[in-house]
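None of the figures in this text is laboratory data; all of them are computed from the coordinates on show. Note that the structure is a prediction, hence the values are computed from the model and not measured. Note: ideal-geometry Cβ built from the backbone for every residue, glycine included; neighbour counts use all protein chains shown.
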Amino acid sequence: MGPGWRRAYKTKVVEPIRLLERAEREQRLLQAGYNVFRLDSEDIYIDLLTDSGTGAMSQAQWAALMDADEAYAGSRSFRAFHETVQSITGMPHVLPTHQGRAAEHIYFASTLDRGSVVPNNTHFDTTRANVLALGGRPVDLPVSEALDPDSAASFKGDMDVDGLERLIRTHGAARIPAIFLTVTNNTAAGQPVSMANARAVSEVARAHGIPLMLDAARYAENCFFVREREEGYGGLPVTEIARELFGLADGCLMSAKKDGLGNIGGFMALRDGALFQRCRDRLILVEGFSTYGGLAGRDLAALAVGLREALDASYLAERVGQVRWLGTRLKAEGIPVYWPPGGHAVYVDAARLLPHIPVGQLPGQALVCALYLEGGVRAVEVGSVMLGEAAQMELVRLAIPRRVYAQEHLAWVIDALSRVRERSDEVVGMRLAEGEGPLRHFVARFDPVI
Ligand SMILES: Cc1ncc(COP(=O)(O)O)c(C=O)c1O
């Protein structure tokens, strides 16, 4: 029996990987202060740290790379990128950035005042950190099902619209420079946002004169879920669904390292010409001229192709199908996973897998370390280490790079996690030894609690 999806590509270039001996893995992890961000990639067998910038480019993208124009100003690769973004989003003003967080920084630096409040279905970590760094207060408004790892609801990434209205009543619209919707909702286990919810949020935003912004890193995966699950969208081209979604918003920020199928890149797209000019001036100050924004012409050329490829329904069916297969198999093995699987990752519920480790001893971080020791697999904690006090669950994310791993790689991950589960009582908790602030997870060091 097949895995339930059809492959949309075959392999042309290979990259060797190897599995270190267990004793070597133990030593590497100790040297890395039990933080897998500090490991060298050669020390990793299967890397599920992130789906960001880790995808494989297509032959059409590599061809575009060779054909790119590296002119400082007005390059034709910028024009190709610009036209692609405009045609997907329908937004007139586009600024390229070197990645998503640069677009976040420039946008918030141009719109926030001290004391501003920014609602989001759930802020991604860099978005939260940028709002905080620029004097604002990030507020997460997930729906209650998002916090239930067993609810099979279709759109657990939605925003709590009543909560949004309460927030606006409490603070007043003038203190809210923008409402954000993150599609898919990465921090809420990669769950999608329904078109109905996006429409409801957009109506509230319009009624109060507040701009609605999309964090569009995984908008194509989100639109594929809308096509699969929401009434009235079955069989529609994903491009059309995307047009409708962007049509509800006043602008978007995008890390193009996800659904742009690029290894680097990001952008901001806006309807407001005056805001665009403010952001453009800041972009020139910190990223580069407005026709390259911190990217090489070849990056822009590859993104112009990748952004369109990511909207292909057969590519998306394979992508989402692969993640779903991993989640379904893990669940069948008795591993507690957040349900249903999201678009780009499967999230393991570390608190339930390791119930003997209290939240204060960071069960997610403990599981990340155990998985590396067991199978050379790198995952990432999305719990108290990454989110601090905002953490509602202790999850470990297995993010699947796009077009990179085959079923055999994922089967290895399932075996490794099953072995961790069999000996879960031997896994010990972790204590933060070094690192502070909202981005501490990148650089922190830990000690095992022995
Ligand atoms: C939802 C979301 N927003 C923003 C970002 C930041 O993008 P970048 O890593 O390109 O700076 C990410 C990155 O993972 C993300 O997942």
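Table for the structure above
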item	result
35 Å tail of the calculated P(r), the stretch 59-309, as % of Cα pairs	11
Percent of beta bridges antiparallel (DSSP, the stretch 59-309, rounded to nearest 5)	50
Estimated [θ] at 222 nm from DSSP helical runs (n ≥ 4, -39500 (n - 2.57)) normalised by residues in the chain, nearest 500	-12500 deg cm²/dmol
Nearest 10 degrees, 0 to 90: helix 297-309 Cα axis against the chain principal axis	80
Packing-based ranking, highest mean first, of 110-117, 307-314 given that Cβ atoms within 10 Å are counted	307-314, 110-117
Built amide H within the under 5 Å cut-off of Arg431, gap 5+	Asp447, Val449
Kirkwood hydrodynamic radius (C-alpha pairs) into Stokes-Einstein, the chain, 37 °C and 0.692 mPa s, D in µm²/s	147
The stretch 343-391-the stretch 133-179 distance, computed between alpha-carbon centres (Å)	25
Sequence of Met430, Met195 once ranked by neighbouring C-beta atoms within 10 Å, starting from the fewest	Met195, Met430
Antiparallel content of DSSP bridges confined to the chain, in %, to 5	65
Cα-centred dipole magnitude for the chain, charges only on beta-carbon of K, R (+1) and D, E (-1), debye, nearest 20	520
Among Gly190, Gly294, Gly364: highest mean-square fluctuation, GNM of the chain, C-alpha pairs under 10 Å	Gly294
Footprinting exposure proxy for Val420, Val161, Val14 (fewest neighbouring C-beta atoms within 10 Å first)	Val14, Val161, Val420
